[in-house]
1. Considering only residues of segment 92-117 that are closer than 19 Å to N9 by Cβ and basic (K, R), which is least open to solvent (accessible area, probe 1.4 Å)?
2. Determine if segment 188-197 includes at least one residue that is modelled with pLDDT of 95 or more, among the aromatic types (F, W, Y) and either open to solvent by 20 Å² or more (accessible area, probe 1.4 Å) or closer than 14 Å to I84 by Cα (or both).
3. Being of a type in the set (A, V, I, L, M), open to solvent by less than 60 Å² (accessible area, probe 1.4 Å) and in a helix (DSSP H, G or I) is the filter here; which residues of segment 134-154 pass it?
4. Only one residue in D90, D85, D46 is modelled with pLDDT of 95 or more and closer than 25 Å to E195 by Cα. Which one?
5. Scanning for something open to solvent by less than 10 Å² (accessible area, probe 1.4 Å), among the acidic types (D, E) and outside any helix (DSSP H, G or I), does segment 83-91 turn up at least one residue?
6. Go through segment 160-201 and tell me which strands (runs of 3 or more DSSP E), entirely inside it, have 1 or more residues that are β-branched (V, I, T).
7. Just need a number here: residues in segment 59-82 that are open to solvent by 10 Å² or more (accessible area, probe 1.4 Å) and either farther than 15 Å from D169 by Cβ or at pLDDT below 95 (or both).
8. Does segment 139-153 contain any residue that is touching a Pro at 6+ places or on another chain (Cβ under 7 Å), modelled with pLDDT under 95 and among the hydrophobic types (A, V, I, L, M, F, W, C)?
Amino acid sequence: MKIIAIGRNYVEHIEELQNERPENPVVFLKPDTALLKNNLPFYLPDFSNDIHHEVELVLKINREGKFIKREFAHRYFDEIGIGIDFTARDIQKTCKEKGLPWEIAKGFNGSAPVGSFLPKESFNDLSDINFHLNINGVQKQKGNTTMMLYDFGVILEYISKFFTLKKGDLIFTGTPAGVGKVNVGDRLEAYIEEEKLLDFEIK
């Protein structure tokens, strides 16, 4: 499986990082070794002093597809979950300043914790899904799919022009504002609506 992620998909997050608003979805990849499951702890790597949390809704692909039309995109995923796109912000900043790719800031081992998934049918409206992240019991990020620049259909239509999607692939759909540094001892709890689907510690 592969992990495909979308950057700069929430306006307030774009503004907090002082990035330009993209004309198309910003796409990057994480290797399968980035995946962290079963609420296992995340160990801070020694190569960065500034690991940031970015909570995101995650789509699980259920069939192979390429050149998917937006109106048919809903056929290609059957579950929605939540995950964290951990980012080594200091490394990313250095790479950006030099005009270099920044995969090492996004795709390092364990940088994609993913929680439980919910059936797509359990949602009344995919364009109105609430989700949030608590750290040590305090809400740090809160988002709703109405806030996305590019909805699920646009995302799948765009990325499937370049990458064939296969069953089991995971699509991270972007993070709302409120990203910040995590520290040893932090407990991260991620929710869709009021259901907790991810709960792990930073070590």
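The values are calculated or read from the model by the stated rules, or taken from the named source; none is laboratory data. None of these values were measured; they are calculated from a predicted model. Positions of Cβ are generated from backbone atoms using ideal geometry, with glycine treated the same way; all protein chains shown enter the neighbour counts. Protein only, heavy atoms only, side chains kept; ligands, DNA and RNA dropped before computing areas. Shrake-Rupley method; radii C 1.70, N 1.55, O 1.52, S 1.80 Å.
1. K106
2. Looking for residues that are modelled with pLDDT of 95 or more, among the aromatic types (F, W, Y) and either open to solvent by 20 Å² or more (accessible area, probe 1.4 Å) or closer than 14 Å to I84 by Cα (or both), one finds at least one in segment 188-197, hence yes.
3. The one that is of a type in the set (A, V, I, L, M), open to solvent by less than 60 Å² (accessible area, probe 1.4 Å) and in a helix (DSSP H, G or I): V154.
4. Result: D85 is the single residue among D90, D85, D46 that is modelled with pLDDT of 95 or more and closer than 25 Å to E195 by Cα.
5. Yes, some residue in segment 83-91 is open to solvent by less than 10 Å² (accessible area, probe 1.4 Å), among the acidic types (D, E) and outside any helix (DSSP H, G or I).
6. In segment 160-201, 170-172, 187-192 are the strands (runs of 3 or more DSSP E) which contain 1 or more residues that are β-branched (V, I, T).
7. The number of residues fulfilling the criteria is 6.
8. Yes, segment 139-153 contains a residue that is touching a Pro at 6+ places or on another chain (Cβ under 7 Å), modelled with pLDDT under 95 and among the hydrophobic types (A, V, I, L, M, F, W, C).
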